[in-house]
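Heads up: the structure comes next, in C-alpha cells.
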Amino acid sequence: MAFLEMYLNGEWKNLSSFGTVSSVDVQSSSSAITVTGGPITSVGIINLSFNPSGIRLDQFAVPTANLDINNKNLINVAVPTLSHHAANKSYIDSKTWISSSITDFSSAAITAAKTISLDQFAVPAANLNANNKNITNLATPTLSNHAADKYYVDNRRLSDFVSPNADISMNTNKIVNLATPTTSGDAVNKSYVDSRTVNDLTAPTSSFSMNSNRIINVANPTSLQDVATKNYVDTSIGTSGGTWQTYTPNILAVTTAPTKPNNHYIRGVYRITGKSCLVSITYTNNGSRTGVANGSGYYIFTLPSGVTLDTSKIYLVDGNVSSLGYYNAVKGTVLGYGIVTNGPFQIENNIQVYSSQTHKSFGVPNGLMLFRMNVDIWRTIDSGSFPLDCGDWLSYQFTAEFPIL
C-alpha cells in the first residue's frame, strides 16, 4: 500500500488522513493542499506541482552519497565550530594551513595557495628544506630566534657576537686594524709589540735563556745586581781575567815632553783585578845620549790603554812642588816604590810613586810621577833631576798599584 505525504505548515502530512478517494488532484504550496476525485494510489497522483523554497536542507534525510554542487558555490555557510563542519572562506583565510591536509594540487589550488602568508601555516614539526633556494625579503631580526638576512650578518661587528667558548682559527690570515690595547685582555697589534721595552714586561719568575744570543747596548752597572758589560768586566778584572799583560809606556812631561835617546829600552807589564791595577815599568839606556832631549818639567809615565787612575780614591797635593817644599810635595798617597840608578858608579836612589795629578793645579795628564828619596834631598825626577841625558847610562825601575775607574 502506498502513502503520500506532503509538507504543510511546517510539518509533513499523510494524505490518508484526508480519506479514501478514487483520484487526487494535488497542488502544493506553503499553506494548503487540495484533494479532489477518487481514491489515492501511487499511480493515481496527477498534476503534482512542487515548490521547495520553503523547505530547509536540514529537513532532508542524511545523504548516503557525495553531493554534487555542479560547480556552484555553497554560500552563507556559518563559521564552523566542530571539526566536521564545513568551513567558509573567511574561516580558512584567517587560519594556519597544515600542509599535510592539502590534497588539492590543481593549478587553481596552487594559485590560491600562493596568496596565503606563511604565518597562516602551523608551526613546522620538522626542519624546512629550502632545496638550495634563497629565502628573500627577510626583515631585520629583532629577537634572538629570528632568521637573519645577509645584510644583518655582513654588518655585524665582533663585539655583536657572543664570546667564543673555543679557540678561533684564522686559517693563516691576519686580524687587521686593531686599536692600541688598553686592558690586559685586549688583543695587541704589531705597533704595540714593537714599541714595548723590557721594562714593560713582568719580571720573570724563572731563568731566562738567550739561546746563545747576546744582550747588547747595556749600560755600565751601578748597583750590585746590575748586569755587567764586557767593558766593565775588562776594566775591572782585565781582559785576560787578571793575568799579566805587556804594554809600552811613554815618558811625557808637564810642559814639554822629552825625547828618549835612540838606544833605549822601555817596557811595562800590568794586571787588573777588580778596580785595581798593578803596573811595573822598566826604562834603561846604555850610556849613549844620541837623540835625547830632556823636555821641560817633571816626568810622567803613561798608563796602559783604557786604564784611568781613580783620583777620588787617593789624596792629592794642591800646589807646585817648588812652592810647597819637599815635605809638602810628598803628602799625597804613595802608590809604589822603585829605584833610579845612574853613572858608572851605579848611584842609586829610592823612588816613591805618586799620581801625576798629585799637583792638580797643573792639569797634567793621567799617569804616574816619581820622587827620588835621599838622606838629604827629595826631588821629583824631571828635566833637572835624573833627566834622560843624565850620566853615561840611566835606569828607572818601579812598581805601583792604584785604584782605577
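Scoring 181-193, 201-213 by mean Cβ neighbours within 10 Å over their residues and listing the highest first yields 181-193, 201-213.
Label separation (LEU158 vs LYS133): 3.9 nm, computed from points 7 Å beyond Cα along the C-beta direction.
Most tightly packed first, judged by the mean number of other beta-carbon atoms within 10 Å of their residues, the peptides 382-389, 68-75 read 382-389, 68-75. Projecting the Cα atoms of THR197, MET210, SER169 onto the dipole axis of the stretch 162-217, where Lys and Arg carry +1 and Asp and Glu carry -1 at the beta carbon, places MET210 farthest toward the positive end.
Please go through the stretch 148-179 and write out the trypsin sites (Lys or Arg not before Pro) that DSSP classes as loop and that have at most 11 other C-beta atoms within 10 Å. Display every interim value, and only then the final one.
Values: sites: LYS150, ARG156, ARG157, LYS174; in loops: ARG156, ARG157, LYS174.
Loop-located and lightly packed - ARG156, ARG157, LYS174.
Throughout, read-outs are computed from the coordinates displayed, never taken from laboratory work. Bear in mind the structure is a predicted one, so any value in this text is a computation, not a measurement. Note that we place each Cβ from the backbone using ideal geometry, even for glycine, and neighbour counts take in every protein chain shown.
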